[in-house]
Amino acid sequence: MALNEESLAEYVLLSVRKPSTVEYETDLEWICRTFGFLESRDKQKTAYFILKNLIEAAAHDNGLTSDELAEKLSLTRGTMVHHLNKMMKSGLVIFHEGKYKLRERSLKNTVKEIQRDVARLFEDIIEVAEAVDQTLGLVSR
């Protein structure tokens with residue numbers, strides 16, 4: 001039996017040295033790097049600016065359309081959608097009522113939800129790994 005299912009989510013976490021001082025923009029850039037959004041080819045830090053705008057919109061209990069983001073950042077709607085799709089797959093962003101928003105009402109709560117998602121995923125992996133071990137008679141302590 002082959003699984004032919006597209007991934008529902010994609011979690012990329014990079015171990016990047018945490019900033020030594022508290023500074024809004026540096027902290028936000030660090031979060032983007034940790035989630036794998038700031039790749040070396042993203043010279044304009046597009047993902048950072050998208051996330052920054054979405055967080056600032058969340059502070060006003062609002063979201064933004066891809067057209068609004070494209071206009072604010074002077075980039076194409078296609079570029080916005082590419083980055084927003086990655087952010088949605090990572091669990092940071094949702095599309096609701098025609099607008100892109102943080103998944104939760106705050107960045108901290110959004111990250112906590114992603115943490116719960118990853119924990120559930122590992123619980124499933126462990127359950128399946130245990131079944132494989134039992135099938136093959138492998139012993140774990």
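Any read-out appearing in this document is the output of simple, stated calculations on the displayed coordinates, not a laboratory observation. Keep in mind that what you see is a predicted model, and the values were worked out from it rather than measured. Positions of Cβ are backbone-derived with ideal geometry, glycine not excepted, and every protein chain shown enters the neighbour counts.
Between the listed residues VAL93, PRO19, SER140, the Cα displaced farthest toward the positive end of the dipole of the chain, a dipole computed from Cβ unit charges relative to the Cα centre, is found at PRO19.
Dipole of segment 24-136 computed with +1 at Lys/Arg Cβ and -1 at Asp/Glu Cβ about the Cα centre; of CYS32, LEU121, ALA70, farthest Cα towards the positive end is ALA70.
In the frame of its principal axes, segment 24-136 has Cα extents of 57, 32, 27 Å, reported largest first.
Considering every Cα-Cα pair within segment 84-141, what fraction, in whole percent, is farther apart than 14 Å?
Working: 1069 of 1653 pairs.
Percentage above 14 Å: 65.
With Cβ to Cβ distances under 9 Å as the rule, what net charge do the other residues near ASN53 carry (K, R +1; D, E -1)? With Lys, Arg at +1 and Asp, Glu at -1, the neighbours total 0.
How long is the gain from GLU123 to THR26 if the chain were fully straight, where each residue apart is worth 0.36 nm and the alpha carbon distance is subtracted? Working shown, then result.
Working: separation 97, 0.36 × 97 = 34.92 nm, distance 3.33 nm.
Going from the current span to full extension adds 31.6 nm.
Quick one: of LYS18/LYS72; LYS45/LYS101; LYS86/LYS108; LYS45/LYS72; LYS45/LYS112; LYS43/LYS112, which pairs are farther than 22 Å apart, Cα to Cα? Let's see the in-between values first.
Working: LYS18/LYS72 29 Å; LYS45/LYS101 19 Å; LYS86/LYS108 19 Å; LYS45/LYS72 14 Å; LYS45/LYS112 24 Å; LYS43/LYS112 29 Å.
Pairs exceeding 22 Å: LYS18/LYS72; LYS45/LYS112; LYS43/LYS112.
Label separation (VAL81 vs GLU113): 2.3 nm, computed from points 7 Å beyond Cα along the C-beta direction. Normalised size of segment 7-72, defined as Cα radius of gyration per 2.2 N^0.38 Å with N residues, equals 1.21. Each Lys and Arg contributes +1 and each Asp and Glu -1, all at the Cβ; summed about the Cα centre of the chain, the dipole is approximately 440 debye.
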